[in-house]
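Written below as structure tokens is the structure these notes are about.
The values are calculated or read from the model by the stated rules, or taken from the named source; none is laboratory data. Quick caveat: nothing in here was measured; it's all calculated off a predicted structure. For neighbour counting, all protein chains shown are included, and Cβ atoms are generated from backbone atoms with ideal geometry for every residue, glycine included.
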């Protein structure tokens, strides 16, 4: 993107800034429209589950103007702040939380190579930044100086920090199977029929997906694990003192991290931007046939990944409106006594499975030989390397 | 033209470095305990940003995850629980200031002196250059095991053995330390 | 086991505390002297033949006619009466205990009459006696937590007394 | 009801870090109405619960001494506003006991229909709000959708949905309108699937079981000692239901009806094969059993209503003649307890020859059920307090009177 802009804008550093600006605008647009769409979808889904219609009259037949109407109401609402609240932290907490859950989208590819910063350690970056969202909640809970919000902040912090461990362990399994932490590469690794998706790769990854799902729902604080704003016990948890615009920022952060976690799930387990049937391949919509076809192929990829992400979010809404809430000690025991051991077992299982699949000790372990002898080998056998190894050398980008 | 001379990379570097230092100073100066914790978060996050600027995403993510995501959450925990009522702001007396500035000042002098004495303080490589050697996972994974994949073709054999690092044993020791700590915490828990 | 046999059962060794009874009433009742109340209640609850293990409710009734004209025609003396409804889930029989107390202790206006509390025998009595103290103005000696339960803790007077005059305002809020 | 700052129990220690004093209520989403609980917690563990009531005290008993027996009927609606019919029934039968009235068969049949429909609607509210307390919003809407149909039936019969004042001493204010029975049977026929939905969403739900099983266990002796009645008592395994073991006058209202008392006598429910199974974790006397007893009573009340409709069809003539508004009450006392949905609701009336009773007393079932809450919540977690309070199914109108 930056090189593309460089030949228009004279000083190189302006091109860099412009490129960053475009990336940021695109991602912000994605997150804000997603948040708006999901508030509407949440009302419709909960309506359907509870045998009622959900919003129908706000703008047109299906009430699709409901979320802008909510946004307007929240903007118009007065932003209260308790008297002896810590002014600076109280105001800053929602933005801190939103920045953390928004920054995660930097590493998430929305199409083949359509990613704002392609990092070879994309998954690790995701886990690191996703862990920061808890700060907004802790500081928000503390700053509103009421016992209820302190309770909510304490519970949220305990839950999110403890669920980061199993989440990380579950994420390691597909990374190990795909051999790389680069999200785009993981996506390419699963191209072709849905049989190649990592979830169907072996029984261990299948089960890892479900453990990942539990930990993702818990770390995003949704459904049976939404202890922080447990209205029945803690009034509204850390959100008690927030109203109006600040409250909506907290909620945008929640929806953004829900979308981020579901997109990561679709990349790691459901083949990222590859649809169940390799239609793009058949129609020739790949880069080899030309830039426009490549662009259309990528567009189809983006549609794939966004639908998978939305399905994940809708599943979380479905959970929320059917299951009651767990108690804090039950949440932590599921994490420590069930998620972590299970994730560890799946990790070992997947490791042995891939080890055997690669032919055991006599298999093709070129991955571990150094760069230099790989180059001689490549030049000697005139470049007939399996895709994943070729990619590792970083030379050939498709 | 003068505009071209500014290498955007170094101006961002200066920006984040300034943030890190100023918030570090703010941590020392501020008396409100919770504000201190917050300033510490911002300063360590900007250090992580410096790592990203230098193209070392792995180390930057590591810094974010370990320092900001791990240690500071515990710090926030501790601060949140204790900072109730009179304990919120701890004013530092005059005497302590003098002592602090002496110790801090001397350490600062040592730091600056060593920083300036570095010989060829090459400027940070431009991002394009950093892109050629991708720090992708396998070499890093090998480095974790102590096998220096990038130095394997070292000319003289004597230095080649030196290349096998001691990272794996180091990791094992740290795991043992963790187990010992958990045990100690369990034994010392308040008998309810 | 009907009321008559319950009365005889108690009368065997606690006759001194039985002051009166009316077995022909719609709900046959036995009247007990205030000081002997805990003993009789313990007998009612613990004797295998009686086993009155559930105290349904404690009610305070104020017999007092405020205006003089009607007071002349009335055939009872002014008093405060406590009514205990008991029943046994084991034998499925019921009895009513009554305790007669002077309206004010020693005739002094404002000194609440006293009766020993049965909260030790049936825990449900704790809250019921607090309500009688709160609304009727009867002090229960030996009660674990003698506070008002329905009215505010600093409310003056006892509303269910016949001669009760509500205060004109409470903490600045107009009452009448 | 204000408490002074320096009241020893409520003073908040300033630097005492391990104990936290929390006010749950009176404006709190999960306390049913205006109940204030002061929790003394150590972190998440609740060390002591002190309920404060009296926020809804309207001195109904004092008013009872200034209005005639018939005029007090609307006040009984507002005691337990979720089961107004059962409250009216209690007061009506107490006054009839004092007057010594006998009612025709038709009046008794109408009263059983209305009482059991009131029980179904009250238990539906209990199940719905219990789901809300534990965090799932959906059963609340399923339960209230069905309750709307029952309220429509009440409205067709007596004109009011909530405060019916329909069952009055001497009979009922008006006979059932034509077509009402068919409407009632239509409701009963389509009601069973919703009960199965509630069972699916709550009773057999693993998370619901983990939140309620073995939480707030109430032993039979403590239940009797604290005067708990109704589903709270039966949930602890005490086989006691006034419809079968009550006073003769109340018992013969249900004479000839086929029903059994829903109580886990030594761990087993009577003919439990056609009800959802009891999970392993559930202990007799815990919150789960109290909720389960109510759900099975809903099914049983449906069969009772059907039997009462048959009986009503066999009778004719007016359903009793209500007493005059200025009916003169004879000298004497009468106390009668009826099986209301939340427990045994007792009424006492003391007549002194004039048309205005000398003293009126309402013995509230939730009053004693709530008095056991501190015993149940001690040692539990903060999140267990709404789970226990929800299982006691409290209505503050009836507690504060």
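So which residues in region D:230-260 are exposed (fewer than 15 other Cβ atoms within 10 Å of the Cβ), away from every other protein chain (no Cβ under 12 Å) and assigned to a helix (DSSP H, G or I)?
D:252
Taking only pairs six or more apart or across chains, which ones have beta-carbon atoms under 6 Å, a first residue in region A:169-180 that is within 11 Å of chain B (Cβ to nearest Cβ), and a second residue that is outside any helix (DSSP H, G or I)?
Going by the 6 Å Cβ cut-off, the qualifying pairs are A:175/A:181.
Is it true that some residue in region D:95-114 is touching a strand residue (DSSP E or B) at 6+ places or on another chain (Cβ under 8 Å), facing another protein chain (nearest Cβ under 10 Å), over 30 Å from residue D:196 (Cβ atoms) and modelled with pLDDT under 95?
Checked region D:95-114: at least one residue is touching a strand residue (DSSP E or B) at 6+ places or on another chain (Cβ under 8 Å), facing another protein chain (nearest Cβ under 10 Å), over 30 Å from residue D:196 (Cβ atoms) and modelled with pLDDT under 95.
Given the conditions (1) outside any loop (DSSP other than H, G, I, E, B); (2) surrounded by 13 or more Cβ atoms within 10 Å (Cβ to Cβ); (3) touching a residue at least 40 places away in the same chain (Cβ under 8 Å); (4) away from every other protein chain (no Cβ under 14 Å), which single one is not true for residue A:46?
Failed condition: (4).
Can you tell me which residues in region B:24-39 are within 13 Å of chain A (Cβ to nearest Cβ), under 17 Å from the mean Cα position of the chain (by Cα) and free of Cβ contacts under 8 Å to residues at least 24 places away in the same chain?
B:38, B:39
I'd like to check which helices (runs of 4 or more DSSP H) are fully inside region A:73-161 and have at least 2 residues that are more than 10 Å from every other protein chain (Cβ to nearest Cβ) and surrounded by fewer than 19 Cβ atoms within 10 Å (Cβ to Cβ).
Result: A:87-103.
Suppose the filter is surrounded by fewer than 22 Cβ atoms within 10 Å (Cβ to Cβ), touching a helix residue (DSSP H, G or I) at 6+ places or on another chain (Cβ under 9 Å) and in a helix (DSSP H, G or I); does residue D:211 pass it?
Here the answer is no, as residue D:211 does not meet what is asked.
State whether the residues of region C:159-170 include one that is more than 26 Å from residue C:20 (Cβ to Cβ), over 13 Å from the mean Cα position of the chain (by Cα) and buried (at least 17 other Cβ atoms within 10 Å of the Cβ).
Looking for residues that are more than 26 Å from residue C:20 (Cβ to Cβ), over 13 Å from the mean Cα position of the chain (by Cα) and buried (at least 17 other Cβ atoms within 10 Å of the Cβ), one finds at least one in region C:159-170, hence yes.
Of (1) more than 27 Å from residue D:247 (Cβ to Cβ); (2) surrounded by fewer than 19 Cβ atoms within 10 Å (Cβ to Cβ); (3) touching a residue at least 24 places away in the same chain (Cβ under 8 Å); (4) within 11 Å of chain D (Cβ to nearest Cβ), residue C:89 satisfies all except one. Which?
Just one mismatch for residue C:89, condition (1).
Name, by its number, the condition in (1) farther than 30 Å from residue D:181 by Cα; (2) buried (at least 21 other Cβ atoms within 10 Å of the Cβ) that does not hold for residue D:308.
Status for residue D:308: all satisfied but (1).
Can you pull out the residues in region A:51-72 that are touching a residue at least 24 places away in the same chain (Cβ under 8 Å) and surrounded by 18 or more Cβ atoms within 10 Å (Cβ to Cβ)?
Matches in region A:51-72: A:66, A:67, A:70.
Please find, within region B:77-101, the residue that is nearest to the other protein chains (Cβ to nearest Cβ) out of those that are loosely packed, with under 11 Cβ neighbours inside 10 Å and at pLDDT below 75.
So, considering only residues that are loosely packed, with under 11 Cβ neighbours inside 10 Å and at pLDDT below 75, the one nearest to the other protein chains (Cβ to nearest Cβ) is B:86.
Looking at (1) within 10 Å of chain D (Cβ to nearest Cβ); (2) modelled with pLDDT of 90 or more, which one does residue C:155 not meet, given that it meets all the others?
(2)
I need the helices (runs of 4 or more DSSP H) fully contained in region A:289-398, keeping only those with at least 3 residues that are modelled with pLDDT under 90 and farther than 26 Å from residue A:177 by Cα.
A:291-320, A:328-333, A:371-380
Taking only region C:46-80 into account, find how many residues are facing another protein chain (nearest Cβ under 10 Å) and under 27 Å from residue C:130 (Cβ atoms).
11
Taking residue A:194 and the conditions (1) surrounded by fewer than 23 Cβ atoms within 10 Å (Cβ to Cβ); (2) closer than 20 Å to residue A:97 by Cα, which numbered condition does it fall short on, given that it satisfies the others?
(2)
What is the residue count in region D:119-157 for residues that are surrounded by 21 or more Cβ atoms within 10 Å (Cβ to Cβ) and free of Cβ contacts under 8 Å to residues at least 24 places away in the same chain?
Counting residues in region D:119-157 that are surrounded by 21 or more Cβ atoms within 10 Å (Cβ to Cβ) and free of Cβ contacts under 8 Å to residues at least 24 places away in the same chain gives 2.
What number of residues in region A:322-359 are buried (at least 21 other Cβ atoms within 10 Å of the Cβ) and over 24 Å from residue A:237 (Cα atoms)?
4
Is it the case, given these coordinates, that residue D:66 is surrounded by fewer than 22 Cβ atoms within 10 Å (Cβ to Cβ), at pLDDT below 90, farther than 27 Å from residue D:389 by Cα and out of contact with any helix residue (DSSP H, G or I) (no Cβ under 6 Å at 6 or more places or on another chain)?
So residue D:66 fails the test.
Somewhere in region D:93-104, is a residue part of a helix (DSSP H, G or I) and free of Cβ contacts under 8 Å to residues at least 40 places away in the same chain?
no
Output yes when any residue across region C:135-143 is modelled with pLDDT of 90 or more and surrounded by fewer than 15 Cβ atoms within 10 Å (Cβ to Cβ), and no when none is.
Taking every residue of region C:135-143 in turn, at least one turns out to be modelled with pLDDT of 90 or more and surrounded by fewer than 15 Cβ atoms within 10 Å (Cβ to Cβ).
Among the residues that make up region D:306-323, is at least one of them in contact with a strand residue (DSSP E or B) (Cβ under 9 Å, 6 or more places away or on another chain) and closer than 30 Å to residue C:70 by Cβ?
Within region D:306-323, one or more residues are in contact with a strand residue (DSSP E or B) (Cβ under 9 Å, 6 or more places away or on another chain) and closer than 30 Å to residue C:70 by Cβ.
Conditions: (1) surrounded by fewer than 21 Cβ atoms within 10 Å (Cβ to Cβ); (2) at pLDDT 90 or above; (3) within 25 Å of residue D:123 (Cα to Cα). Residue D:89 meets all but one. Number of the miss?
(1)
Going by the conditions given, is residue D:400 free of Cβ contacts under 8 Å to residues at least 24 places away in the same chain and within 14 Å of another protein chain (Cβ to nearest Cβ)?
No; evaluated as a whole, the condition is false for this residue.
So which residues in region D:123-152 are over 19 Å from the mean Cα position of the chain (by Cα) and either under 19 Å from residue D:340 (Cβ atoms) or outside any helix (DSSP H, G or I) (or both)?
Result: D:134, D:135, D:136, D:137.
Going residue by residue through region A:305-324, is there one that turns out to be within 22 Å of residue A:160 (Cβ to Cβ) and more than 19 Å from the chain's Cα centre (by Cα)?
Yes, some residue in region A:305-324 is within 22 Å of residue A:160 (Cβ to Cβ) and more than 19 Å from the chain's Cα centre (by Cα).
What's the number of the only condition in (1) on the phi > 0 side of the Ramachandran plot; (2) within 14 Å of another protein chain (Cβ to nearest Cβ) that residue D:345 fails to meet?
(1)
Consider residue D:270 carefully, then state whether it is more than 30 Å from residue C:162 (Cβ to Cβ) and either within 11 Å of another protein chain (Cβ to nearest Cβ) or without any contact (Cβ under 8 Å) to a residue 12 or more places away in the chain (or both).
yes
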